[in-house]
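Here the structure is laid out as structure tokens; the discussion comes afterwards.
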Amino acid sequence: MTNTEVLIQELVQKHGRNRNALMPVLQGVVACEKFLSESAMIAVARELDLSAADVYGTASFYTFLDTKPRGKNIVRVCKTISCHMQGKEEIIKAIENHLKVKVGETSHDNKFTLLTANCLGWCHKGPVMLINDEVFPSLTPDKAIAIIEEFSKKTN
């Protein structure tokens with residue numbers, strides 16, 4: 001039995017075997033392994049007696065349930081109209097230029113993945129970026145780059 005299978009069994013024991021346990025189990029796997037591998041989704045389906053398609057459909061629908069490996073730091077820039085009107089395109093361009101990646105890609109050193117998110121809940125302080133679980137509101141391009149440089153120093 002793999003470490004992932006053991007983790008999934010522990011999560012299922014904690015959250016139960018019904019359909020309502022799917023999200024917390026998937027979130028638990030992502031918290032520990034940083035993404036949902038195909039084998040992890042199949043193991044979740046087996047443990048919860050769901051189809052693999054149902055598990056994958058749920059996982060691929062939600063932005064924060066990654067179904068492929070990401071960098072050590074996941075940078076998500078809010079893409080709502082509020083953040084758009086406050087300059088999110090300039091933030092994204094600055095980050096892309098700094099990291100030498102496009103949205104959806106991971107930096108060559110595997111430190112950062114750049115993504116967008118539908119809403120981070122900070123419309124009143126846009127543009128907003130989330131790095132891992134930390135929110136950074138009221139961004140300018142320079143401020144966004146300075147924050148990323150700080151994370152880069154911490155991630156060696």
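The values are calculated or read from the model by the stated rules, or taken from the named source; none is laboratory data. Small disclaimer: the values here were computed from a predicted structure and weren't measured. Backbone-built Cβ (ideal geometry, glycine too); neighbour counts: all protein chains shown.
Could you give every pair whose Cβ atoms fall below 6 Å, whose first residue belongs to region 56-69 and is in contact (Cβ under 8 Å) with a residue 24 or more places away in the chain and over 13 Å from ALA117 (Cβ atoms), and whose second residue is surrounded by 13 or more Cβ atoms within 10 Å (Cβ to Cβ) and among the β-branched types (Val, Ile, Thr), counting only separations of at least 6 or pairs across chains?
Filtered contacts from region 56-69: ALA59/THR67.
Which residues, counting only those in region 31-44, are crowded, with 18+ Cβ neighbours inside 10 Å and either outside any loop (DSSP other than H, G, I, E, B) or more than 14 Å from the chain's Cα centre (by Cα) (or both)?
ALA40, MET41, ALA43, VAL44
Please tell me if LYS93 is more than 23 Å from SER37 (Cα to Cα), surrounded by fewer than 17 Cβ atoms within 10 Å (Cβ to Cβ), modelled with pLDDT under 95 and basic (Lys, Arg).
Details: more than 23 Å from SER37 (Cα to Cα): yes; surrounded by fewer than 17 Cβ atoms within 10 Å (Cβ to Cβ): yes; modelled with pLDDT under 95: no; basic (Lys, Arg): yes.
The answer is no for LYS93.
Of the residues that make up region 67-75, is at least one among the β-branched types (Val, Ile, Thr), closer than 21 Å to GLU5 by Cα, assigned to a loop (DSSP other than H, G, I, E, B) and outside the structural domain of LEU26 (by TED's automatic domain parsing)?
Yes, the conditions are met somewhere in region 67-75.
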